[in-house]
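All remarks here apply to the structure that follows.
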Amino acid sequence: MENNTPAQLKQDLKAIADLLKPHLQQEDRILAHKTQMAETETFITSVTLEWIAAKVGFASQLPLFQPHLDPTGNVERDSETVDDILQRPLDWSRQATLTQYLTNHKDHKFPAVLVVLSPPWVDNP
């Protein structure tokens, strides 16, 4: 594609868009780039904050951690949970400020968010 004319590039991009369109219009799919480091596969994607709010939960919402929640709703760190917890405790003190900032700056976003996907059987040990 190095020596393509602008017209050829435009045609190629349209062909790719046409191929992807039926897949991306399905609500249960997002476009992702697969990467791998050693034996670990990871996927990189970009989604809106609305998508994250609707589809992603906090570690404290996982059935695995429900018996280990403290009165504030955070997972208690003890000998049973310490190896499973990688998420810091939730801090809601800046919620209003961040909401106002993101509402007024539509093009701004948060840095990377780590999301772990697991099969349904993980929640039923």
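The values are calculated or read from the model by the stated rules, or taken from the named source; none is laboratory data. Quick caveat, the model's predicted, so the values are computed rather than measured. Reconstructed Cβ throughout: ideal geometry from the backbone, glycine too, with neighbour counts over all protein chains shown.
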Discussion item. With in a helix (DSSP H, G or I) and charged (D, E, K, R) as the only criterion, which of 14, 34 stands out?
Written reply: 14
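So which residues in the stretch 96-110 are part of a helix (DSSP H, G or I) and either modelled with pLDDT under 70 or of a type outside the set (Gly, Ala, Ser) (or both), if there are any at all?
97, 98, 99, 100, 101, 102, 103, 104, listed by residue number.
With closer than 30 Å to residue 20 by Cα, surrounded by 10 or more Cβ atoms within 10 Å (Cβ to Cβ) and at pLDDT below 70 as the only criterion, which of 56, 116, 122 stands out?
Numbers: 56 fails: at pLDDT below 70; 122 fails: closer than 30 Å to residue 20 by Cα.
None of the other options fit; the residue is 116.
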Response to the item:
Reported set for the stretch 63-77 where residues are at pLDDT below 75 and either in a loop (DSSP other than H, G, I, E, B) or of a type in the set (D, E, K, R) (or both) is 77
Worksheet entry | Considering residues of the stretch 1-14 that are surrounded by 10 or more Cβ atoms within 10 Å (Cβ to Cβ) and not acidic (Asp, Glu) only, the residue modelled with the lowest pLDDT | 4
